[in-house]
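What follows is calculated from the coordinates using simple rules that are stated; it is not laboratory data. Treat the numbers as computed from the prediction; the structure is a model and nothing was measured. Reconstructed Cβ throughout: ideal geometry from the backbone, glycine too, with neighbour counts over all protein chains shown.
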């Protein structure tokens, strides 16, 4: 049986958890912060309901798209969000699962990310870099 790889990240944001939670579901918010630094997400598509799909294309400086898509498996506002994750522009890409837990800590939000079913340690490292960079942008967005 192949080894399953996973990623865990915890990040504290100086914003109420409702605002942090909604930043993952509202297209205007996603457009402002989604994707690593230096990339943009010009047209996020989100059907924010149980079983609804999302498609988020991020563009690099050359305008090349990198598209992640999936389905919402759980939406418990403002506490928990679970969705599948697959790089749609890579036909051979494995489907992963992302669980986000939003914890209220003295008016701030501690976001715990757990991404599972990752195909390799390399994938885990790359996603760690991507999420960490994206969370830097989310931090700026939430401070507005």
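A few points about this structure:
- Sole exception among (1) more than 15 Å from residue 139 (Cα to Cα); (2) touching a helix residue (DSSP H, G or I) at 6+ places or on another chain (Cβ under 9 Å); (3) surrounded by 14 or more Cβ atoms within 10 Å (Cβ to Cβ) for residue 73, by number: (2)
- Of the residues making up segment 117-126, those that are in a helix (DSSP H, G or I) and closer than 10 Å to residue 6 by Cα are 121, 123, 124, 125.
- Among the residues making up segment 41-57, a single one is out of contact with any helix residue (DSSP H, G or I) (no Cβ under 8 Å at 6 or more places or on another chain) and over 26 Å from residue 76 (Cβ atoms): 57.
- Subset of segment 1-32 (residues that are in a helix (DSSP H, G or I), crowded, with 19+ Cβ neighbours inside 10 Å and under 13 Å from the mean Cα position of the chain (by Cα)): 20, 21, 29, 30
- Residue list for segment 60-70, restricted to those being part of a strand (DSSP E or B) and either over 19 Å from residue 32 (Cβ atoms) or touching a helix residue (DSSP H, G or I) at 6+ places or on another chain (Cβ under 6 Å) (or both): 69, 70
- Condition check for residue 57: farther than 28 Å from residue 14 by Cβ, part of a strand (DSSP E or B) and touching a strand residue (DSSP E or B) at 6+ places or on another chain (Cβ under 8 Å): yes
- Looking at 37, 43, just one residue is over 21 Å from residue 128 (Cβ atoms), part of a loop (DSSP other than H, G, I, E, B) and over 12 Å from the mean Cα position of the chain (by Cα), and that residue is 43.
- A count restricted to segment 89-144 and to residues that are over 26 Å from residue 53 (Cβ atoms), without any contact (Cβ under 8 Å) to a residue 24 or more places away in the chain and exposed (fewer than 13 other Cβ atoms within 10 Å of the Cβ) stands at 3.
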